[in-house]
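The values are calculated or read from the model by the stated rules, or taken from the named source; none is laboratory data. None of the values given here were measured: they were computed from a predicted structure. Note that each Cβ is placed from the backbone with ideal geometry, even for glycine, and that neighbours are counted across all protein chains shown. Note: accessible area is taken over every heavy atom of the protein model, side chains too, but ligands, DNA and RNA are not part of it. Shrake-Rupley method; radii C 1.70, N 1.55, O 1.52, S 1.80 Å.
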Amino acid sequence: MGWEPLKDAVRGLTELTARCCSEPEVIKGARPILFKLIENSSWLESAYKEPHPEFYQQYLLYADPSNRFSVVSFVWGPGQSTPIHDHTVWGLVGVLEGAEKCQRYERNSMGMVEPVGSEEMYFPGDIDCVSPSVGDIHTVANALPDKPSISIHIYGANIGKTSRHVFKPDLAEPINFISGYNPLSAPVLDLS
């Protein structure tokens, strides 16, 4: 199988982002592409499934040369989670293996973040959406206490190079950050 499912997804996303310009159109068109990509995990090589003992891993799988999208593998070890953060661009998160839990937040009138709704659970095949227009602030955690969880993310920019924010519950002012990626190189894809 190799990287063929990823290549198909990249081709589909390239075509989609070239013809669609509104966020709702792109999100709607990208959802079935991601769903197909997370149907089976055998295409993702083991190096891109490796958890780190101390913190979650963000592996770049593909960054569009025109910065229209990126595809990323997130690997969560037991007990690992993100801080409260935003994305500043649209994104889709599809669970490939394991289970993840997500808590959404909104900023109140004083700029502080507050939880919105209850914690959500996601299992293989489930897809979540984030964006400034539908809700962009959340935390994500591995829902399994004893094994890793893996999700595939598609973002509307090269997310590892995008300026974003971390939020502290007791501070109104967010903290700027750029996440970067695990140093493992992205796979070389022949898209011809």
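Before moving on, here are some points about what is shown:
- Largest first, the extents of the alpha carbon coordinates of the stretch 1-129 on the three principal axes equal 46, 38, 24 Å.
- Reachable lysines from Lys168, criterion Cα separation under 27 angstrom, eight or more residues apart if same chain: Lys101
- Under 17 Å from the Cα of Lys7 - lysines, other chains or at least 8 residues apart: Lys36
- Computed lengthening from Ser109 to Ser46, 0.36 nm per intervening residue step minus Cα-Cα distance: 18.2 nm
- In a fully extended conformation the segment linking Cys20 and Asp126 would gain 35.8 nm over its present Cα-Cα distance, using 0.36 nm per residue.
- Per residue, the accessible area of the stretch 74-192 comes to 46 Å² when a 1.4 Å probe rolls over the protein heavy atoms.
- Inter-part distance where the stretch 1-59 and the stretch 114-192 are each reduced to a Cα centre, Å: 14
- Whether the stretch 80-192 is rounded, prolate or oblate, judged on the alpha carbon gyration tensor where a/c under 1.5 counts as rounded: oblate
- Cα shape, the stretch 49-99, gyration tensor, a/c 1.5 rule: prolate
- Note on the chain: with neighbouring protein chains present and a 1.4 Å probe, carbon and sulfur make up 55 percent of its accessible heavy-atom surface.
- The Asp8 and Phe55 beta-carbon pair, evaluated with R₀ = 35 Å, returns a calculated FRET efficiency of approximately 0.70.
- Restricting the stretch 32-77 to GluC sites (Glu not before Pro) in coil, as DSSP defines it, with at most 10 other Cβ within 10 Å: Glu54
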